[in-house]
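Below are the structure tokens for one structure; questions will follow.
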Amino acid sequence: MEDALLSAASIPSPLLIFIHSSPLFPNTRARLPLSSAAFEEFLQLVDSTTAVRMGVFCRKHAQPDKDTHRKADKPTMDFYAIGTICRVFRAARGSDGACFLEVEGLARCEATDVVDNGGRHKTDRFRWAYVSLRRDQQKGNGDNEAQIQALLMSVQNHLTDFIHSSVNRGEKPTPGTDEATSNNKAASSPAMYGSALQAYIDRLMASSSSLSDGALTRASVVCDLAASLMTQASVEERQKVLEALDVEDRLRRVQALLLKVIEAHKLADKIDGNLAREVREQLIRRKMQELQKELRSLRQSSSSPSSSQPTDKDKAANNNHNNTSASEEDEDDVARLRNAISKAGMEGEALKAAKRELRRLEALQPAHPEYMVCRTYLETLVSVPWTKHSEDSLDVQRAREILDEDHYGLEEVKKRILQFLAVRRLRNDMKGPILCLSGPPGVGKTSLASSVAQALGREFHRISLGGVRDEAEIRGHRRTYIGALPGVIVQAMVHTGVRNPVLLLDEVNKLSYGNPLHNPSAALLEVLDPKQNHKFTDHYLGVPYDLSRVFFICTANTLTTMPRALRDRLEVVHISGYTMHEKERIAERHLIPNNLHTHGLTDKDGKAALEISPEIIQEIICKYTAESGVRELDRCIAAICRWAALKATDGDAAAASEPPPPAATAAPQSVISVQKEDLVDILGNEKYSLGVAHRLTTPGIAIGLAVNSTGGDILFIETSKVQGSGGLIVTGQLGEVMQESVRTALTILQAKALNKPPSDDVQGDIGMLPSAFSDIDLHVHFPAGAVAKDGPSAGLATTIALASLLTGRLVRSDTAWTGEVTLRGHVLPVGGIKEKVLAAHRAGICRVVLPSANKPQLRDIPKDISESMEFPLVTSVDEALQMAFVDDSETGEGTADEDSSKGRAVNDVPLVRAIIAAKL
């Protein structure tokens, strides 16, 4: 070891130093590359090219080695102070023109000062500096010999592992710098070099267990050798090893570096192994696909039948061919699914589940029972739209035109859709609303949802929930069951192909709510909750799916049967029904043109062969329909079209022998006009009659108003008294609330009779003694006994009917009543005012008595109806009794018109009873 023979006197002062990009360690050799300019400068600075002492120091901050000219005369300490004194034993220029210095590290040294040479250096690689030697040190007085020996053995073991790891990776662990390794072209193979290096280390470590001076030197040599081999470590880490003068500290630093580099090798080997496996798998699959294509082409080219009758050998060959084709199809399916997964745009849990199932599918044989289950799941998973969406049409004016063209009226719903579009223009990431269109049948709820999708430019899909009784139909079946499928929500997303469609949940109120073990409405809670549906989990898919971009529209005939938790998640928009004017416009703009086209009564130019006048439409609405919607009106118009089609072809003798004309054939030239007299032949007898049907002919009858799933309707309340003992009989299939309203009405009248003596001048007096109640039995009946009825809003009408019976005075026939009554005689507000008013208007009633608290609801009444009707407001039963009865002065003789306008009694009880029965 030349380090032991080196002394301070043998070091030139100042010493030529070389600035390098990495540290050089003692007892190692290295080849330092130089540029031509730096090589010429070295030759000028030294007297001889051999046995030259030179210091090698590492540049700070890992600056690249550039042979640039010095920009300043004043020298700088831009290198680490601790370096290595080296012996230059060769300076040469290679055959390829590359210049280099071959050096051997001798000992550690420290640069104390840099000499100013007046800027005579041509490059920035050489300096002159004063240096001093730095010897190895040992803490204490030999007390840590055992600790150093243990560290030395550990470093030796780790160094052996490092050499083996480097050799296995195809690397050559050459001691020295990176440049020396890269330029050593004459070195042997990594395996041979590693074996020779390991043998050298073993010989170096073959010493006694005691730490003599030689053993301490061996520990220093092993540390320096290990640090020089670990070129993967950073420059700063290796420089710290060079600066560690204490041998124990140096051993600990080298041990930590060895462990770090070995772990990095293991991790790199694992990554390389995975990459190699994937690459190898891809290559094998590509070769298999090419071979399969070649086999198929060979079979197709050689498939020429040699005889008409196949032999047994041919049949066996065909079976083998079919089996091979099935296997090829399976391989193609796996490749197709892998390609579909990469294009689907799945992320997170969905992507992990898809890759997991694909690996499982590859491991399964096609004949395995789970093969088709796994394949179907993957096909469903990639069919669900994960990223694809349709662009919204944010033109508010165009959307308004589409909605007005498809639907007449329904201003509240249209306004809500236009508001959504306006907000959507201001904010693109807005979540889809969840609307619920509530109203009677036939008012256009389903068709309105389709128009909404058209106005928004989105895909549309309808999901019918009527009769759904299992939550698995909403959330899907688990894949453990045979024949499992995703729920209707995911199926709708697959059908539309985009993640932001308009989904119509039709008849949501007709879900089955009876069985608590199978409650589909509970499954809808997550679907229709804006705070939860961004992570909706279908049982079949098993991964979260984002439904927040979907525009949900629900429809319901009534909200009373819907669970409160589900109703709380919906933005309800009520559609009460159409007025007569709106029905006329709908028939003119939509129903008549559609039926004419459907029944072939229009020609190519759009000219109609049937004329239906507005008077005929009014006649149909008044006498043949009594509904909130227009379905029955549409059926009546269709019947008229069928009658016209038969009449148009009647009398044509050649029509029976000729084939029916195609759809494009022009309609008959003559225009058929429908008259009022023809309606009886077409639609039958009149079903409803206004005015006369609502005449009240005897005391004890009043008209109430009700709301049901089909809209509003009028309700006749009939009372009668017989001799008895003060009993009360209630019939008509009434609920408990309605029966309580009847008893409350009777109690109010009994209290009035008890508290006030009979007097004609007392307002609200029923004119009856209290003792009279004990001598009679009262019977209250609500016709249409097959229809269940319940609710508190008939309390006021029942009170009026009983008061009319007890006083013997007629109730006004042009008035209907609604309101809940209390024992103190107050009239409380009720719901469904718009539906009830529309029903009264359809029945020809021009006066509706309402509770005063329902005055704000009058703003919802269409203007044409509110102008043609009266709406007296009452707060108590006394006020209602004041306006209930026909004046006695009006019961005299008069004309039929006066009887109709004044509400006088007409002695035609059988007619009224028949009309009432037909109405209800």
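Determine which member of the set LEU547, LEU566 is open to solvent by less than 10 Å² (accessible area, probe 1.4 Å) and not in a helix (DSSP H, G or I). Steps first, answer last, please.
Details: LEU566 fails: not in a helix (DSSP H, G or I).
Step by step, each of LEU547, LEU566 is checked, and only LEU547 is open to solvent by less than 10 Å² (accessible area, probe 1.4 Å) and not in a helix (DSSP H, G or I).
Please state which one of PRO64, PRO23 is at pLDDT 85 or above, over 13 Å from ALA91 (Cβ atoms) and within 60 Å of the chain's Cα centre (by Cα). Walk me through how you get there before you give the answer.
Values: PRO64 fails: at pLDDT 85 or above.
After applying the criteria, what remains is PRO23.
Of the residues HIS539, HIS518, HIS574, which single one is surrounded by fewer than 22 Cβ atoms within 10 Å (Cβ to Cβ) and without any contact (Cβ under 8 Å) to a residue 60 or more places away in the chain?
Details: HIS539 fails: without any contact (Cβ under 8 Å) to a residue 60 or more places away in the chain; HIS574 fails: without any contact (Cβ under 8 Å) to a residue 60 or more places away in the chain.
Exactly one residue qualifies, and that residue is HIS518.
A follow-up question, please. Say we look at the range 429-439 and pick out the residues that are outside any strand (DSSP E or B) and touching a strand residue (DSSP E or B) at 6+ places or on another chain (Cβ under 7 Å); which of these is nearest to SER390 (Cα to Cα)? Before the answer, list the steps.
Start the filter on the range 429-439 by keeping residues that are outside any strand (DSSP E or B), which leaves 429-433, 439.
In the following step, the residues that additionally are touching a strand residue (DSSP E or B) at 6+ places or on another chain (Cβ under 7 Å) were identified as 432-433, 439.
Details: GLY432: 13, PRO433: 17, GLY439: 30 Å.
In this case the residue turns out to be GLY432.
Tell me the helices (runs of 4 or more DSSP H) entirely within the range 783-872 that contain at least 1 residues that are in contact with an Asp or Glu (Cβ under 8 Å, 6 or more places away or on another chain), open to solvent by less than 10 Å² (accessible area, probe 1.4 Å) and closer than 23 Å to VAL742 by Cα. Steps first, please.
Values: elements: 795-807, 833-842, 863-868.
Here the list reads 795-807, 833-842.
Do we find a residue being over 45 Å from the mean Cα position of the chain (by Cα) and of a type in the set (D, E, K, R) anywhere in the range 848-855? Can you show your working first?
From the range 848-855, those over 45 Å from the mean Cα position of the chain (by Cα) are 848-852; that's our starting set.
So of that shortlist, the ones also of a type in the set (D, E, K, R) come out as none.
The answer is no, given that none of the residues of the range 848-855 is over 45 Å from the mean Cα position of the chain (by Cα) and of a type in the set (D, E, K, R).
Out of GLU582, GLU588, report the one residue that is open to solvent by less than 80 Å² (accessible area, probe 1.4 Å) and either under 18 Å from GLN675 (Cα atoms) or part of a helix (DSSP H, G or I) (or both). Spell out how you get there, then give the answer.
Details: GLU588 fails: open to solvent by less than 80 Å² (accessible area, probe 1.4 Å).
After ruling out the rest, the residue left standing is GLU582.
Moving to a separate point now. Suppose we keep only residues that are polar (S, T, N, Q) and free of Cβ contacts under 8 Å to residues at least 24 places away in the same chain within the range 364-403. Which one would you say is surrounded by the most Cβ atoms within 10 Å (Cβ to Cβ)?
Taking the range 364-403 as the starting set, the residues that turn out to be polar (S, T, N, Q) are 365, 376, 380, 383, 387, 390, 393, 397.
Remaining after also requiring free of Cβ contacts under 8 Å to residues at least 24 places away in the same chain: 365, 376, 397.
On the way: GLN365: 9, THR376: 14, GLN397: 8.
Looking at residues that are polar (S, T, N, Q) and free of Cβ contacts under 8 Å to residues at least 24 places away in the same chain, I get THR376.
Filter the range 404-428 down to residues that are open to solvent by 80 Å² or more (accessible area, probe 1.4 Å) and not in a helix (DSSP H, G or I) and give me whichever is nearest to ALA340 (Cα to Cα). Steps first, please.
Step one: filter the range 404-428 for residues open to solvent by 80 Å² or more (accessible area, probe 1.4 Å), giving 405, 411-412, 415, 419, 425-428.
Add one more test, that the residue is not in a helix (DSSP H, G or I), and what stays is 427-428.
Numbers: ARG427: 32, ASN428: 29 Å.
Here the residue is ASN428.
Let me ask another. When residues of the range 614-654 are filtered for being among the small types (Gly, Ala, Ser) and assigned to a helix (DSSP H, G or I), how many remain?
Matching residues across the range 614-654 total 5.
Restricting the range 725-749 to residues that are at positive phi and open to solvent by less than 60 Å² (accessible area, probe 1.4 Å), which is nearest to the chain's Cα centre (by Cα)? Explain how you work it out, then say what you get.
Step one: list which residues in the range 725-749 are at positive phi, which gives 726, 732-733.
Those left that are additionally open to solvent by less than 60 Å² (accessible area, probe 1.4 Å): 726, 732.
Working: GLY726: 65, GLY732: 50 Å.
Among residues in the range 725-749 that are at positive phi and open to solvent by less than 60 Å² (accessible area, probe 1.4 Å), the one nearest to the chain's Cα centre (by Cα) is GLY732.
Another question, then. Evaluate the range 73-83: report whether one residue or more is at pLDDT 85 or above and open to solvent by 50 Å² or more (accessible area, probe 1.4 Å).
Let us first name the residues in the range 73-83 that are at pLDDT 85 or above, namely 79-83.
Within this subset, residues satisfying the condition of being open to solvent by 50 Å² or more (accessible area, probe 1.4 Å) are none.
No, that holds for no residue.
The values are calculated or read from the model by the stated rules, or taken from the named source; none is laboratory data. Note that the coordinates shown come from a computational prediction; the quantities given were computed from them, not determined experimentally. Don't worry about glycine lacking a Cβ; one is built from the backbone with ideal geometry, like all the others, and counts go over all protein chains shown. Protein only, heavy atoms only, side chains kept; ligands, DNA and RNA dropped before computing areas. Shrake-Rupley method; radii C 1.70, N 1.55, O 1.52, S 1.80 Å.
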